[in-house]
Amino acid sequence: MADKCESCVFCNYDEEFDELVCDMDLDEDDMARFLSGRTEDCPFWRPGDEYRTARKQ
């Protein structure tokens with residue numbers, strides 16, 4: 001699960017819980033898929049490119 005999620009723009013690390021958290025507003029089925037670790041076909045996944053904005057400047 002972590003490999004795909006770590007590269008997603010919606011995934012953030014929550015220091016309080018010490019785990020990755022999906023910031024996308026997931027419905028009940030999507031949240032169940034996320035929690036079960038079956039995220040390989042997540043419909044919300046977008047590549048998170050932290051340098052994207054810097055290249056446009």
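The values are calculated or read from the model by the stated rules, or taken from the named source; none is laboratory data. Nothing here was measured: the structure is a model prediction, and the numbers come from that model. Cβ: placed from backbone, ideal geometry, glycine included. Neighbour counts: every protein chain shown.
Brief remarks on what is shown
- The single condition among (1) surrounded by fewer than 10 Cβ atoms within 10 Å (Cβ to Cβ); (2) aromatic (F, W, Y); (3) at pLDDT 85 or above that Y51 does not satisfy is (3).
- When each of R38, R33, R46 is tested for being surrounded by 11 or more Cβ atoms within 10 Å (Cβ to Cβ), more than 10 Å from the chain's Cα centre (by Cα) and modelled with pLDDT of 80 or more, the lone residue that passes is R33.
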